[in-house]
Amino acid sequence: MIEQLLRRQLKAAGLRNRHLQSEMLDHFMCSYEDYLENGYQSSEALEAVIKEINTNDLGSMNRSYLILNLKSNVHMNVLCFCFASVLAIFGFGQFFDQDPPSMVPVKNGEIVSSFGMRMHPIKQVEKMHYGIDIKAEEGAKVLSPEYAVVKETGYHTKKGNYIVLSHDEVYETQFYHLKDIVVSVDQKIAKGMVIGTVGSTGASMRPHLHYEVLKNGKRVNPKDYL
């Protein structure tokens, strides 16, 4: 039933070619199963996958495939099919669009500290705050705000348990003070996938997520990307 729903969604999104449709269906079914493994209910997982489908320009992928087939010989057809397979695995948007992170990484979290100058809660001196702090219960799920590859994970005395995601050559996001890290370096991450849980590790006084967005290596205000 889930496969039928996703196949209809792919058609509605403009993907008509049967070869590409099968490739993308396999990809999104894997994504659906990943959500289930990360604690999502079936309806929540289906909703997240449909959002993934809608963020990919499947109509353009379909047109590109047809044009290449019309202009190519047998060898080019094989190349085109392999290219489509790569797109299905890694996500069409990552190759052609530089999509910025575009969702709050903690559901129902409350932003309690903004980007900019502030009084440091521990040192009690005015310092630049390069991200936002999102208050949430300890153990709350932390989600990837866009398709990404895990660039770095680890522990730092100030950051606590942390994750760095690379979304493309432009955007990067960082997550500090985590309780748990459930991804590993070089892992490919779908938008909305659980990457860790809210904690209070490192230089932290209460459970919260410190969240940063970098554009071309420069820290920018995450609120502009929520």
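What the Cα atoms of region 156-226 give is an Rg and a Dmax of 12.2, 34 Å.
Under the simplified labelling scheme, the residue 2-residue 112 pair shows an inter-label distance of 3.6 nm, with each label point 7 Å from Cα along Cα→Cβ. Between the beta carbons of residue 158 and residue 218, assuming R0 = 30 Å, the FRET efficiency works out to 0.90 to the nearest 0.05. Accessible area per residue for region 120-177 is 45 Å², calculated with a 1.4 Å probe on protein heavy atoms, without ligands, DNA or RNA.
Using 0.36 nm per residue of separation minus the Cα-Cα distance, give me the extension gain between residue 137 and residue 149 in nm, one decimal.
Numbers: separation 12, 0.36 × 12 = 4.32 nm, distance 2.62 nm.
Length difference between fully extended and current span is 1.7 nm.
Just by accessible area at a 1.4 angstrom probe, what is the order of 177, 27 from largest to smallest?
Numbers: 177 15, 27 40 Å².
Descending accessible area places them as 27, 177.
Using a 1.4 angstrom probe on the protein heavy atoms only, could you order 128, 193 from most to least accessible area? Intermediate values should be presented prior to the final figure.
Numbers: 128 65, 193 15 Å².
Ranking 128, 193 by accessible area, largest first, yields 128, 193.
Ordered from highest to lowest accessible area with the whole protein assembly present and a 1.4 Å probe, 143, 226 read as 226, 143.
The values are calculated or read from the model by the stated rules, or taken from the named source; none is laboratory data. This structure is a prediction, so every number in the text was calculated from the model and none was measured. Virtual Cβ from ideal backbone geometry, glycine too; neighbours counted across all protein chains shown. Please note that ligands, DNA and RNA were not included when accessible areas were found on the heavy atoms of the full protein model with its side chains. Shrake-Rupley method; radii C 1.70, N 1.55, O 1.52, S 1.80 Å.
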